[in-house]
Amino acid sequence: MTEDIRRVFRMDNEVLAFRFTATVSDRAGAKPRERLTDPARLKMWLQATGLDVTDVSPADLEDAVELREAIYRIGSAIAAGEQPDSKDVRTLNTVAATGHAKAALEHERAEWHLTATTPVGDALGVLATDAIHILGGPDRSRIKNCEGPGCAGLYLDTSRGANRRWCSMNTCGNKVKKSRLATS
């Protein structure tokens, strides 16, 4: 696939699990945009995040979308001060438990080693584990949904006053500011 990763996916979220949920954009808009349209796109996204897999099947894609949506629903529930659905929590925990990836420090960088037998499952396990650390960690009260028009993407508000409103100033924040200038 020769497409530029930055043209296909938003890769600017600091949280890996939330970057994964951003493979659907404009979630709150009239026409949400699915970016994981086929197994090759999932492979491309995983490789761009350092989770190098050699092959992705249609079943792997279904598993990935199920995990992505569970993470998104749990994060959105937490952002709204609500209790996450127990089925989503079970999905998250199951995927995390079945992964066998091993972290390693190589060339001064953190790398993931996936097994040869279940590399996609291992990669999904890494994503699920990352989600668990964020969704159940000490900063869980800082999880928010973007207020940008149509976005509703998840992000971790690390601003000093916990008053950030957009997943990214470069995208959603700029859209809002440009629309304000156009109407004034």
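A few notes on this one:
- Ala77 falls short on exactly one of the conditions (1) closer than 18 Å to Leu16 by Cα; (2) modelled with pLDDT of 95 or more, and that condition is (1).
- Residues considered: Arg73, Arg90, Arg109. Of these, the only one that is of a type in the set (Lys, Arg) and either open to solvent by less than 40 Å² (accessible area, probe 1.4 Å) or within 25 Å of Trp166 (Cβ to Cβ) (or both) is Arg73.
- Within segment 141-171, the only residue that satisfies the criterion of being buried (at least 21 other Cβ atoms within 10 Å of the Cβ), more than 19 Å from Gln83 (Cα to Cα) and out of contact with any helix residue (DSSP H, G or I) (no Cβ under 6 Å at 6 or more places or on another chain) is Cys167.
- Taking first residues from segment 92-109 that are under 19 Å from Glu66 (Cα atoms) and partners that are at pLDDT below 95 and surrounded by 13 or more Cβ atoms within 10 Å (Cβ to Cβ), no Cβ contact under 6 Å between residues at least 6 apart in sequence or on separate chains turns up.
- Pairs meeting the criteria (first residue in segment 120-137 and in contact (Cβ under 8 Å) with a residue 24 or more places away in the chain and under 14 Å from Tyr155 (Cα atoms), second residue among the β-branched types (Val, Ile, Thr) and in a helix (DSSP H, G or I), beta carbons under 6 Å, at least 6 apart or on different chains) are Ala131/Ile71; Leu135/Ile74.
- In segment 54-65, the condition of being in a loop (DSSP other than H, G, I, E, B), out of contact with any helix residue (DSSP H, G or I) (no Cβ under 9 Å at 6 or more places or on another chain), open to solvent by less than 70 Å² (accessible area, probe 1.4 Å) and at pLDDT 95 or above is met by no residue.
The values are calculated or read from the model by the stated rules, or taken from the named source; none is laboratory data. Since the model is a prediction, treat every value here as computed from it, not as a measurement. Positions of Cβ are generated from backbone atoms using ideal geometry, with glycine treated the same way; all protein chains shown enter the neighbour counts. Accessible surface areas use protein heavy atoms only, side chains included; no ligands, DNA or RNA. Shrake-Rupley method; radii C 1.70, N 1.55, O 1.52, S 1.80 Å.
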